[in-house]
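The values are calculated or read from the model by the stated rules, or taken from the named source; none is laboratory data. Computed from a predicted model, the values in this text were never measured in an experiment. Just so you know, the surface numbers come from the protein's heavy atoms only, side chains and all, with ligands and any DNA or RNA stripped out. Shrake-Rupley method; radii C 1.70, N 1.55, O 1.52, S 1.80 Å.
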Amino acid sequence: LTYYPSDMRLVIYSDASYLSETHARSRAGGLHYLSSKGDPTATPPNGAVEAISAIIPTVVSAASEAETAALFLNGKAGVPSRLTLADLGYPQSATPIISDNTTAIGFANNSVRLKRSKAIDMRYHWIRDRVERGEYSVAWVPGAENFADYFTKNHPAKHCRDVKSRYVGGK
């Protein structure tokens with residue numbers, strides 16, 4: 001991995017793949033890294049401090065629910081990093097979580113009302129609460145620019161070689 005000097009600001013990319021696993025399961029992925037202040041989508045990611053690729057523990061009923069579950073899992077995984085950085089003297093403002101699903105982002109930011117939001121597992125409302133508290137901010141990026149996509153899908157070897165430098169630096 002290649003690490004570059006930064007302002008020690010935690011940035012999280014989040015993604016999910018719907019019904020991509022056996023037994024009607026979906027997969028969540030995330031890339032957590034430290035960056036400098038400013039727009040996190042304007043600069044390439046620094047060396048990862050955490051990468052997540054996990055099967056979502058509940059069976060979700062829609063792609064937007066899978067993406068919301070991924071926001072929840074990545075947000076929860078980011079809490080220890082936020083606390084550690086604050087203890088080291090780098091207090092965190094709202095940590096940006098970047099996703100490519102507008103419905104999940106709208107749910108997290110409380111800017112859309114889902115008709116069937118009661119069907120969404122109660123634990124996923126945690127991310128909405130943390131956004132309201134100012135601990136996280138959730139923003140959109142096009143799917144092709146979502147660095148967490150790599151951790152949620154099966155890719156051919158050629159694709160893995162092509163994007164390797166994106167995650168570990170070098171060639």
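Round to a whole number: what % of the accessible area of the chain belongs to carbon and sulfur, probe 1.4 Å?
Carbon and sulfur atoms account for 55 percent of the accessible area of the chain.
Counting only heavy atoms of the protein chains, get the accessible area per residue of the range 1-153 (1.4 Å probe) and round it to a whole Å² value.
Result: 49 Å² per residue.
Using only the Cα atoms of the chain, build the gyration tensor, take square roots of its eigenvalues as a ≥ b ≥ c, and label the shape rounded, prolate or oblate: rounded if a/c is under 1.5, else prolate if a/b is larger than b/c, else oblate.
oblate
Sum up the lysine pairs in the chain that clear both bars: alpha-carbon distance under 23 Å and a spacing of 8 or more or different chains.
Step by step, the pairs that qualify in the chain add up to 6.
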